[in-house]
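A.B. asks: Below is one structure. I have some questions about it.
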């Protein structure tokens, strides 16, 4: 299993065990790591799953990963946690979880899909399977923190899928997620309804959000890409969009392969070309909207849309908010400059 997780999750595990009366050092057979004020230290996924297994065997509670993930705090999520807390809408927070998840949990690359019935975050098995404990902990952390920052303690997804075999009892999962939960699925899926995307976040601070996103972007740029092909394809798409030529054929030509070869490589990674193109457009739109001098019509052309209306429709579908309204909230200045939490 390839990948890595932030050292702050090891702190989460030690704290969880200690709060339940266990000697975490004895259970995990290693000392608690030193605090990481820079939030830039990681351990391998293999080591993380080993620690989870030891803790699960010691604690002996059903769905241990869910209980662990439900204990997460903003400190363990670092920049990603604080940034999502200050987004204007749930849709914008979800987009940033997708964009910056590698700062906390970097395994199989996540994909964001937009269907008629809602928005889904999905993870395949390209780089291996972390296992049920790691998967359920990751989704439980996301949902727990999502409930806290959105002000919706009863927030539930519409469906959750795991690639792992079904456990002896499904009830802990049904109780925690409050929705249908499938196992032995082709990919891990966390699905939310479109109606939730426009929900306003109670702690939105536009100035603080800009500062935190700048830090998150800089830190993400220092990380190596998990999949060189997808990284190259994203870069190629970004370069071709202003020319209106971000097609499968044009991207394959730039990457020096045939359309069939590129399509086959994407299929082996369970990646849809159009979905990836939407993700690139959404991330670029995020950057463009931060520039008050750039008109929406100009953005539409830079993103390869036929006109501003097409761009507005797509952006609203992605985030639950038209780009003009998002920009207005992004640039409104609070009366006093907030301090970084």
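A.B. asks: If you take just the strands (runs of 3 or more DSSP E) that sit entirely in the range 62-176, which of them hold at least 1 residues that are modelled with pLDDT under 95 and under 11 Å from the mean Cα position of the chain (by Cα)? Spell out the reasoning first.
C.D. replies: Values: elements: 110-115, 118-123, 159-161.
Hits in the range 62-176: 110-115, 118-123.
A.B. asks: Tally up the residues in the range 162-176 that are buried (at least 20 other Cβ atoms within 10 Å of the Cβ) and closer than 21 Å to residue 72 by Cβ, please.
C.D. replies: Applying the first criterion (buried (at least 20 other Cβ atoms within 10 Å of the Cβ)) to the range 162-176 yields 162-163, 173, 176.
Next cut, closer than 21 Å to residue 72 by Cβ only: 162, 173, 176.
The total comes to 3.
A.B. asks: Let me ask something additional. Given the conditions (1) under 20 Å from residue 104 (Cβ atoms); (2) in contact with a helix residue (DSSP H, G or I) (Cβ under 6 Å, 6 or more places away or on another chain); (3) outside any loop (DSSP other than H, G, I, E, B), which single one is not true for residue 18?
C.D. replies: (1)
A.B. asks: Would you pick out the residues in the range 122-167 that are touching a residue at least 60 places away in the same chain (Cβ under 8 Å) and farther than 23 Å from residue 8 by Cα?
C.D. replies: Within the range 122-167, 122, 124, 125, 126, 167 meet the criteria.
A.B. asks: Let me ask something else about it. In the list 241, 230, which residue meets the criterion of being under 17 Å from the mean Cα position of the chain (by Cα), assigned to a helix (DSSP H, G or I), closer than 22 Å to residue 302 by Cα and touching a residue at least 60 places away in the same chain (Cβ under 8 Å)? Walk me through how you get there before you give the answer.
C.D. replies: Working: 241 fails: under 17 Å from the mean Cα position of the chain (by Cα).
Of 241, 230, the one residue that is under 17 Å from the mean Cα position of the chain (by Cα), assigned to a helix (DSSP H, G or I), closer than 22 Å to residue 302 by Cα and touching a residue at least 60 places away in the same chain (Cβ under 8 Å) is 230.
A.B. asks: Answer with yes or no whether residue 294 is surrounded by 14 or more Cβ atoms within 10 Å (Cβ to Cβ), modelled with pLDDT under 95 and not in a loop (DSSP other than H, G, I, E, B). Can you show your working first?
C.D. replies: Numbers: surrounded by 14 or more Cβ atoms within 10 Å (Cβ to Cβ): yes; modelled with pLDDT under 95: yes; not in a loop (DSSP other than H, G, I, E, B): no.
Against the criterion (surrounded by 14 or more Cβ atoms within 10 Å (Cβ to Cβ), modelled with pLDDT under 95 and not in a loop (DSSP other than H, G, I, E, B)), residue 294 does not qualify.
A.B. asks: While we're here: Given the condition in contact with a helix residue (DSSP H, G or I) (Cβ under 6 Å, 6 or more places away or on another chain), farther than 14 Å from residue 176 by Cβ and surrounded by fewer than 22 Cβ atoms within 10 Å (Cβ to Cβ), answer yes or no: does some residue in the range 135-148 qualify?
C.D. replies: Checking the range 135-148: not a single residue is in contact with a helix residue (DSSP H, G or I) (Cβ under 6 Å, 6 or more places away or on another chain), farther than 14 Å from residue 176 by Cβ and surrounded by fewer than 22 Cβ atoms within 10 Å (Cβ to Cβ).
A.B. asks: OK, next. Could you please let me know if residue 26 is without any contact (Cβ under 8 Å) to a residue 60 or more places away in the chain and in a helix (DSSP H, G or I)?
C.D. replies: yes
A.B. asks: So, one more: Since residue 217 meets every condition but one in (1) buried (at least 18 other Cβ atoms within 10 Å of the Cβ); (2) under 19 Å from the mean Cα position of the chain (by Cα), which condition does it not meet?
C.D. replies: Result: residue 217 passes all but (1).
A.B. asks: Just to verify a result, which residue in the range 177-210, among those that are crowded, with 16+ Cβ neighbours inside 10 Å and in a helix (DSSP H, G or I), is modelled with the highest pLDDT?
C.D. replies: Selected residue: 177.
A.B. asks: A further question on this structure: Is there a residue in the range 59-70 that is over 13 Å from residue 16 (Cβ atoms) and touching a strand residue (DSSP E or B) at 6+ places or on another chain (Cβ under 8 Å)? Don't jump to the end; show me each part of the working.
C.D. replies: The initial filter retains those residues of the range 59-70 that are over 13 Å from residue 16 (Cβ atoms), namely 60, 62-63.
After this cut, where a residue has to be touching a strand residue (DSSP E or B) at 6+ places or on another chain (Cβ under 8 Å) as well, the list is none.
No, because not a single residue in the range 59-70 is over 13 Å from residue 16 (Cβ atoms) and touching a strand residue (DSSP E or B) at 6+ places or on another chain (Cβ under 8 Å).
A.B. asks: Moving on to the next point. Scan the range 278-301 residue by residue and report those that are over 22 Å from residue 83 (Cα atoms) and either in contact with a helix residue (DSSP H, G or I) (Cβ under 6 Å, 6 or more places away or on another chain) or without any contact (Cβ under 8 Å) to a residue 40 or more places away in the chain (or both).
C.D. replies: Hits for the range 278-301 are 293, 294, 295, 296, 297, 298, 299, 300.
A.B. asks: Can you tell me which residue in the range 39-61 is modelled with the lowest pLDDT, limited to those that are in a loop (DSSP other than H, G, I, E, B) and in contact with a helix residue (DSSP H, G or I) (Cβ under 9 Å, 6 or more places away or on another chain)?
C.D. replies: We begin by selecting, within the range 39-61, every residue in a loop (DSSP other than H, G, I, E, B); these are 39-41, 60-61.
Next, only the ones that are in contact with a helix residue (DSSP H, G or I) (Cβ under 9 Å, 6 or more places away or on another chain) stay: 39-41, 61.
Details: 39: 64, 40: 71, 41: 84, 61: 89.
Restricting to residues being in a loop (DSSP other than H, G, I, E, B) and in contact with a helix residue (DSSP H, G or I) (Cβ under 9 Å, 6 or more places away or on another chain), the top hit is 39.
The values are calculated or read from the model by the stated rules, or taken from the named source; none is laboratory data. These numbers come from a predicted model, not from an experiment. Glycine gets a Cβ as well: all are built from the backbone with ideal geometry, and neighbour counts include every protein chain shown.
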